[in-house]
Amino acid sequence: MSMSSIAVARHSRHDSLMWQLMSRPTTAIALILLAVIVVSAVLAPWVAPFSPSQLAIMQRLKSPEATHLFGTDELGRDIFSRMLFAGQTSLSVGISVVVFTSVTGVLLGLLAGYFRALDAPISRLIDAMMAFPDILLAIALVAALGPSATNVVIALGIVYTPRMARVIRASTLVIRELPYVEAAKALAVPTPVILYRHILRNLTSPLLVQCTFIFANAILAEAGLSFLGVGISPDIPTWGTMISQGRQYIDQAGWIMLFPGVAIVITVLSLQLLGDGLRDLLDPRLSKGA
């Protein structure tokens, strides 16, 4: 088969996957909502009517109206504008955590699943890390590293790496026993080539599904850390920080907490629904046609 034929086959397979996702009502709605949130965050500098840090004390705690769609906070800052820029931060943290977790989790999972001598020590390390509640371990790591966006990404990446590693390890244990892998070993194919060409390429489905769940958990965890005051600096708007700053005004200006909370719920729910849809389509055991 020529390279052009392979490229066409892969392209059609991707198109088919997207079509199947869009044919499911819940997954299609999740994709649309997620796309709106991502595009709004990316275009925040051009879409936001005000600067996220612009103060207007005379306009403080104004309810939603035409000028301020989502109202203003205790310092007169436009909540709609702050939500758009906060979305940039929250989504950036989520994507960075996914990248961090994918690299470290895949590496540990491949090593543990393919090399029998490394399976026991890496598995014990994973079990030890998963013994701690996620949020408590994240708080401890951020407290040790210091509050910043980079340290939050590192802390959450360390927290969620064991989950990714366990999934990759389990899949690798199955794939390494398949005939084509055994044949590659018999032909003295270099181990790095086997890991990349014959194993890693077949881990795309569980990796993709796990990434969507980790993305959702990372956004939720970042909001929790910011709400507790141990995450990103309060000077940088995030959805969690906005909720934290508005809790003392919940009786007289509940919209300060309402809209960032709704943004978190919609984003996390959309990612979870997308992950469920991908899992159902990519796992033959869950496919209706199986």
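Could you check, for region 159-170, whether at least one of its residues is more than 18 Å from the chain's Cα centre (by Cα) and open to solvent by less than 70 Å² (accessible area, probe 1.4 Å)?
So in region 159-170, the residues more than 18 Å from the chain's Cα centre (by Cα) come out as 169-170.
Now narrow it down to the ones that are open to solvent by less than 70 Å² (accessible area, probe 1.4 Å): 169-170.
Yes, region 159-170 contains at least one residue that is more than 18 Å from the chain's Cα centre (by Cα) and open to solvent by less than 70 Å² (accessible area, probe 1.4 Å).
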(Q) Just the residues that are over 13 Å from GLN59 (Cβ atoms), open to solvent by 30 Å² or more (accessible area, probe 1.4 Å) and not aromatic (Phe, Trp, Tyr), please, taken from region 70-88. (A) GLN88
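I'd like the full set of residues that are small (Gly, Ala, Ser) and touching a residue at least 60 places away in the same chain (Cβ under 8 Å), limited to region 217-228. Before the answer, list the steps.
Pass one, region 217-228, residues small (Gly, Ala, Ser): 218, 221, 223-224, 226.
Across region 217-228, the qualifying residues are ALA218, ALA221, ALA223, GLY224.
Just to be sure, is LEU220 open to solvent by less than 60 Å² (accessible area, probe 1.4 Å) and not acidic (Asp, Glu)? Spell out how you get there, then give the answer.
Details: open to solvent by less than 60 Å² (accessible area, probe 1.4 Å): no; not acidic (Asp, Glu): yes.
So LEU220 does not fit the description; no.
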Q) Quick check: is even one residue across region 207-229 assigned to a loop (DSSP other than H, G, I, E, B) and closer than 16 Å to VAL153 by Cα? A) yes
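Tally up the residues in region 238-247 that are farther than 19 Å from GLN88 by Cα and either touching a residue at least 60 places away in the same chain (Cβ under 8 Å) or open to solvent by less than 30 Å² (accessible area, probe 1.4 Å) (or both), please. Show your work before the answer.
Of the residues in region 238-247, the ones farther than 19 Å from GLN88 by Cα are 246-247.
Retained after the next criterion (residues that are either touching a residue at least 60 places away in the same chain (Cβ under 8 Å) or open to solvent by less than 30 Å² (accessible area, probe 1.4 Å) (or both)): 246.
The qualifying residues number 1.
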Q.
Cβ-Cβ distance below 6 Å, separation of 6 or more or different chains: which pairs start in region 191-214 with a residue that is open to solvent by 50 Å² or more (accessible area, probe 1.4 Å) and end on one that is at pLDDT 85 or above?
A. ASN202/ILE175
Q: From the list ARG247, ARG279, pick out the single residue that is over 25 Å from SER102 (Cβ atoms) and among the basic types (Lys, Arg).
A: ARG247
Q: Only residues in region 163-184 that are closer than 14 Å to THR204 by Cα and at pLDDT 85 or above count as the first member; pair them with residues that are surrounded by fewer than 19 Cβ atoms within 10 Å (Cβ to Cβ) and polar (S, T, N, Q), Cβ under 8 angstrom, at least 6 apart or cross-chain, and list the lot.
A: MET164/THR104; ALA165/THR104; ARG169/SER123; SER171/ASN202; ILE175/ASN202
Q: Determine, yes or no, whether GLY109 is among the small types (Gly, Ala, Ser), closer than 23 Å to MET257 by Cα and either surrounded by fewer than 17 Cβ atoms within 10 Å (Cβ to Cβ) or out of contact with any His (no Cβ under 6 Å at 6 or more places or on another chain) (or both).
A: no
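Conditions (1) within 14 Å of VAL106 (Cα to Cα); (2) among the hydrophobic types (A, V, I, L, M, F, W, C); (3) in a helix (DSSP H, G or I), marked per residue:
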residue	(1), (2), (3)
ILE135	no, yes, yes
ALA138	no, yes, yes
THR150	no, no, yes
GLY157	yes, no, yes
TYR160	yes, no, yes
ALA165	yes, yes, yes
ALA170	yes, yes, yes
Q.
All but one of (1) in contact with a Gly (Cβ under 8 Å, 6 or more places away or on another chain); (2) surrounded by fewer than 18 Cβ atoms within 10 Å (Cβ to Cβ); (3) assigned to a helix (DSSP H, G or I) hold for LEU33; state the number of the condition that does not hold.
A. (1)
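I'd like the full set of residues that are in a helix (DSSP H, G or I) and open to solvent by 40 Å² or more (accessible area, probe 1.4 Å), limited to region 250-269.
Residues of region 250-269 that are in a helix (DSSP H, G or I), as a first pass: 255-269.
Of everything in region 250-269, those that are in a helix (DSSP H, G or I) and open to solvent by 40 Å² or more (accessible area, probe 1.4 Å) turn out to be TRP255, MET257, LEU258, PHE259, VAL262, VAL265, ILE266, LEU269.
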Q: Taking GLY71 as the residue in question, decide whether it is in contact with a helix residue (DSSP H, G or I) (Cβ under 8 Å, 6 or more places away or on another chain) and at positive phi.
A: yes
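Could you please let me know if LEU207 is among the aliphatic types (A, V, I, L, M), under 26 Å from the mean Cα position of the chain (by Cα) and within 27 Å of THR27 (Cβ to Cβ)?
On the way: among the aliphatic types (A, V, I, L, M): yes; under 26 Å from the mean Cα position of the chain (by Cα): yes; within 27 Å of THR27 (Cβ to Cβ): yes.
Yes, satisfied.
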**Q.** Cross-chain or 6+ apart pairs with Cβ under 6 Å, region 103-121 first and aromatic (Phe, Trp, Tyr), then not in a helix (DSSP H, G or I)
**A.** TYR114/ARG176
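The values are calculated or read from the model by the stated rules, or taken from the named source; none is laboratory data. All values reported here derive from a predicted model rather than from experimental measurement. Here Cβ is always computed from backbone atoms with ideal geometry, including for glycine, and neighbour counts include all displayed protein chains. When the accessible area is computed, the model is the full protein with side chains, heavy atoms only, and any ligands, DNA or RNA have been set aside. Shrake-Rupley method; radii C 1.70, N 1.55, O 1.52, S 1.80 Å.
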